[in-house]
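Accompanying notes for the structure given below.
The values are calculated or read from the model by the stated rules, or taken from the named source; none is laboratory data. Predicted model, so just to flag it, every value in this text is computed and none were measured. Quick reminder, even Gly has a Cβ in these numbers, built from the backbone with ideal geometry, and neighbours come from all protein chains shown.
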Amino acid sequence: MNTRKRRVVVFVVLAILIAAVPAAAQSAEGVTEDPALYAVGALGASNLYTSYFLLGTLADGYATAAYTAQFADELTRDVIGLNESSIDVLEQLLTEASLAGADKALVEDMITAHELLVDQAWGLLAYVEDSSNTEQWFRYRRQAWELISVLLDIK
């Protein structure tokens, strides 16, 4: 698949998934005194949600032969890179003295959720390499959703 077509697929999938983020995660109600911190939370929620579903879409697409192994591998590695970048900036945010209490705990949970998504993505790569290797994929997928659904208050 050429680069242009790949980008179109990624943007379409992300647009669909971003539109599906629960209203609670998008609502401006409850914005604290720190709009930047609220923005980090809202964007982080969107990233967690879309990464989770993009990985699921890639797995389904590969399993049904809609996507090639190369395509699934490339996009999965993109997801890994984006989530690792999110982890890095969230870890930097943790060093801020002004971050405390519930805000600090939330950032720590967001880091954990991103780490679970990275582990899930590595599980997907293992599955693409060997279709009988699904244990890591499913274990981290379940764990990631358990935490993401709590963070986004999805029932």
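Quick check on segment 84-111: of everything there that is at pLDDT below 90 and exposed (fewer than 11 other Cβ atoms within 10 Å of the Cβ), which residue is nearest to L43 (Cα to Cα)?
A102
Pairs only if they're at least six apart or on different chains, beta carbon under 9 angstrom, first in segment 51-72 and among the small types (G, A, S), second not in a helix (DSSP H, G or I); list them, first residue then second.
Pairs found: G61/Y67; A63/S131.
Need the failing condition index for R141 against (1) closer than 17 Å to T50 by Cβ; (2) out of contact with any helix residue (DSSP H, G or I) (no Cβ under 6 Å at 6 or more places or on another chain), just the number.
(2)
Given the residues D78, D153, which is the only one that is closer than 17 Å to G41 by Cα, surrounded by fewer than 19 Cβ atoms within 10 Å (Cβ to Cβ), in contact (Cβ under 8 Å) with a residue 40 or more places away in the chain and of a type outside the set (A, V, I, L, M, F, W, C)?
Result of the check over D78, D153: D153.
Can you name the residue in segment 112-133 that is of a type in the set (S, T, N, Q) and within 23 Å of Y49 (Cβ to Cβ) and is also surrounded by the fewest Cβ atoms within 10 Å (Cβ to Cβ) among such residues?
The residue in question is T112.
Counting only residues that are of a type outside the set (S, T, N, Q), farther than 22 Å from L37 by Cβ and in contact with a Lys or Arg (Cβ under 9 Å, 6 or more places away or on another chain), give me the helices (runs of 4 or more DSSP H) lying completely in segment 47-155 with at least 2 of them.
Passing ranges, in order: 69-94, 101-129.
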